[in-house]
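A short reminder: the numbers here are calculations on the coordinates, not readings from a lab. This is a predicted model, so every value here is computed, not measured. Glycine also receives a Cβ, built like all others from the backbone with ideal geometry; neighbour counts cover every protein chain displayed.
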Amino acid sequence: MGIVACVLAIGAPLRADGLGADDLKNKQDGGYLTGLPLANYSTDTGYGYGGRVYYYYDGDRDDPRFAHTPYLYRVFLQGFWSTRGLQFHWLDFDAPKVFDSPYRLRSQLIYERNINQNYFGIGDRSLKPLTFPSAPGGKTYSAFDAYTNDLDQIDGNGQTWSHYNELDLIRPIFIGSIERLLYHDRIRVLGGVGFSYGEINDYTGKMVDAATGTAPEGPTRLHTECEENVVVGCGGGRDNFVRLGISYDTRDFEPDPKTGVFLDAALDAGTVALGSQYNYARTMAAARGYYSPDPDDVKLVLAARGVFEVQTAGTPFFSMDTFPFTEDPRTGLGGQRTMRGYRQDRFVGPVYTLLNGEARWTTGHIHLWHQNFGLILVPFVDFGRPYDSVGDLSVHDWKLSYGGAVRISWNLATIITVDYGRSSEDTGLYVNFNHMF
């Protein structure tokens, strides 16, 4: 599930002891509307733009939940488009402590379309050197720019390969979940369901743009591997699943943590009992840690994340790129949220390992127009690779990317980020919001 979340304001995490006196005094009762523009850039999707409208209902001041929740319920509606053919439209509902209980209800209705959804093969096949059937002399490529340049040409047979690693994916999805907070709100257990439908449109044989005109597209990588019966889900269809999760959170401040850990584990189970056309299981365990060498003067934060995921053979390929983090599912490997410097979904497989490390150094703060801005410099390194099975796990052939980021904390809770990543075959530039993890 490719998720684009470009948010200019982030709600603070729930506090067990309630809001402070000043915050409580300024909190608005009843309901109100807000809105914000959305904008980002990434090498994969181009320039993104759109908008989001929120409706908040905070309730009455005599409600005991008024001082202990950010709102009684919140609804937002988003429209988002990008210049490289991504659409991500989203209707979201959130109700903390529903009916004055320790339970939280969430639901999401999403329409996603990506006319340039990447597909580089599954598992070990995605680790092979870049090439294509009409590459001159069976050439392999170490540089992605040179590779795409040759793909965009019209070959001697009058066809192009410009969409050899791409497909047109349409995927509406609904997810509903209920969460329970335990142990002073540090432990959260989650249960939910998801209903989605994948529509796969392959470019093979279609007239497409090439460097010197238009031409029919040659057989894409997906078309070839579907004919070889090495891919599950070539016809798209219903992908409905049960979702279970648990997390443990000791972070001091969720949007920009300085200390603490966040541990989460999740299970997605696709099942015909919910009308799915696919039976599969996806399990993930992830750990994030944050450490400041000088807790009395926090300028440097060392942040790290490790992820391990296993999926069964029945997982459809269009869902296999999912990392089901309990806070916010991501896609990869590759792209701005997993391995910067590689293309989105550059490496996809039944089994994943992923390691990320960042050194976040806050160089100073500026107060301007009654706003507080902090400048954060972030060198980073990302490691990861897919496997065909758990039995193939090894420390060999891990892919590496590295780079740096400039981030601005705006009134503590909003993080604006510009990341530049390099890998052995490509580079990536990403302008977005929120820390990577």
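Things to note:
- Separation of the T131 and D294 label points, Cα + 7 Å toward Cβ, nm: 5.4 nm
- Cβ-placed point charges (K, R +1; D, E -1), dipole of the chain about Cα centre in debye, nearest 20: 440 debye
- Chain lengthening between L377 and L274 when straightened (0.36 nm per residue, less Cα-Cα): 32.4 nm
- Loop-located chymotrypsin sites (Phe, Trp or Tyr not before Pro) in the stretch 304-392 (DSSP state other than H, G, I, E, B) with a sparse environment of at most 12 neighbouring Cβ atoms within 10 Å: W369.
- The simple Förster model, with R0 at 30 Å and r as the Cβ-Cβ distance, assigns D60 and F93 a FRET efficiency of 0.90.
- Computed lengthening from A146 to W369, 0.36 nm per intervening residue step minus Cα-Cα distance: 75.6 nm
- Fewest-first ordering of R61, R113 by other beta carbons within 10 Å of each residue's beta carbon gives R61, R113.
- Theoretical FRET efficiency, 1/(1+(r/R0)^6), r = Cβ-Cβ of Y49 and I187, R0 41 Å, to 0.05: 0.60
- Estimated [θ] at 222 nm from DSSP helical runs (n ≥ 4, -39500 (n - 2.57)) normalised by residues in the chain, nearest 500: -1000 deg cm²/dmol
- In a fully extended conformation the segment linking T283 and Q153 would gain 42.7 nm over its present Cα-Cα distance, using 0.36 nm per residue.
- For a paramagnetic label modelled on L302 (point 7 Å from Cα along Cα→Cβ), amide N atoms under 13 Å away belong, within the stretch 345-362, to 357-360.
- By other beta-carbon atoms within 10 Å, ranking K258, K399 with the fewest at the front produces K258, K399.
- Summarising the label geometry, the points placed 7 Å from Cα in the beta-carbon direction at L267 and L109 lie 3.0 nm from one another.
- Net +/- balance of residues flanking R171 in space, Cβ distance below 14 Å, scoring K and R +1, D and E -1: -4
- Looking at the stretch 219-274, the GluC sites (Glu not before Pro) that sit in a DSSP loop and have at most 11 other Cβ atoms within 10 Å of their own Cβ are E228.
- Highest-first packing order for the peptide set 269-276, 156-163 is 156-163, 269-276, based on the mean count of other beta carbon atoms within 10 Å.
- Judged by the gyration tensor of its Cα atoms, with axes a ≥ b ≥ c, the stretch 150-304 is oblate; a/c meets the 1.5 cut and b/c is at least as large as a/b.
- Rounded to the nearest 0.05, the FRET efficiency derived from the C-beta distance between A359 and D397 at R0 = 30 Å is 0.70.
- Highest mean first, the peptides 419-427, 294-302 sorted by other C-beta atoms within 10 Å per residue fall in the order 419-427, 294-302.
- Between T83 and T312, the distance separating the two model label sites (each 7 Å from Cα on the Cα→Cβ line) works out to 4.5 nm.
- Ranking of S389, S247 by count of other Cβ atoms within 10 Å, fewest first: S389, S247
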